[in-house]
1. Of everything in the stretch 65-119, what is under 15 Å from residue 9 (Cα atoms), in contact with a strand residue (DSSP E or B) (Cβ under 9 Å, 6 or more places away or on another chain) and in a loop (DSSP other than H, G, I, E, B)? Give them in sequence order.
2. Condition first: closer than 25 Å to residue 76 by Cα and not in a helix (DSSP H, G or I). Now tell me which residues in the stretch 15-61 satisfy that.
C-alpha cells in the first residue's frame, strides 16, 4: 500500500471514528446498554488504533530520509500530507496554505505516490 492510499484510508477511518464516537455518546446519554453499544465500542477501539498508527507513521515520515536535502523535501511533503489528509483540505486548499502553485502541490502528491509501498 502506498502513502496516498494509506492516508486516504486514514482520512476515512478518522471520519468514521468521529461518527461512531458520537453514536456511542448518544447511546450512553440515553441510558441504553445493548449489544450494539458494546459492538460500537469495540469498533471504535479498532478504528482508534488504526488512526493512531497512521498518525505515528506520518510523524516518522521525515526521519526516514537519508540526506539533508531529502529531509527538506520530505518535510515539505509531510506538510502537504498533514494539510491534505489530517486537516481534510483539498489539494488546492493545501497549495494555498503552503503558498505554492496548484501544479507544485500535484507534483508533491505525485512524488509521495511514487515512493512505493510503506511496508
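The values are calculated or read from the model by the stated rules, or taken from the named source; none is laboratory data. Computed from a predicted structure; not experimentally measured. FYI the Cβ positions are ideal-geometry reconstructions off the backbone, even for glycines, and counts take in every protein chain you see.
1. The one that is under 15 Å from residue 9 (Cα atoms), in contact with a strand residue (DSSP E or B) (Cβ under 9 Å, 6 or more places away or on another chain) and in a loop (DSSP other than H, G, I, E, B): 118.
2. Residues satisfying the conditions are 60, 61.
Conditions (1) touching a helix residue (DSSP H, G or I) at 6+ places or on another chain (Cβ under 8 Å); (2) crowded, with 17+ Cβ neighbours inside 10 Å; (3) at pLDDT below 95; (4) farther than 30 Å from residue 115 by Cα, marked per residue:
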site: 12; (1), (2), (3), (4): no, no, yes, no
site: 23; (1), (2), (3), (4): yes, no, yes, yes
site: 28; (1), (2), (3), (4): yes, no, yes, yes
site: 59; (1), (2), (3), (4): no, no, yes, no
site: 62; (1), (2), (3), (4): yes, yes, yes, no
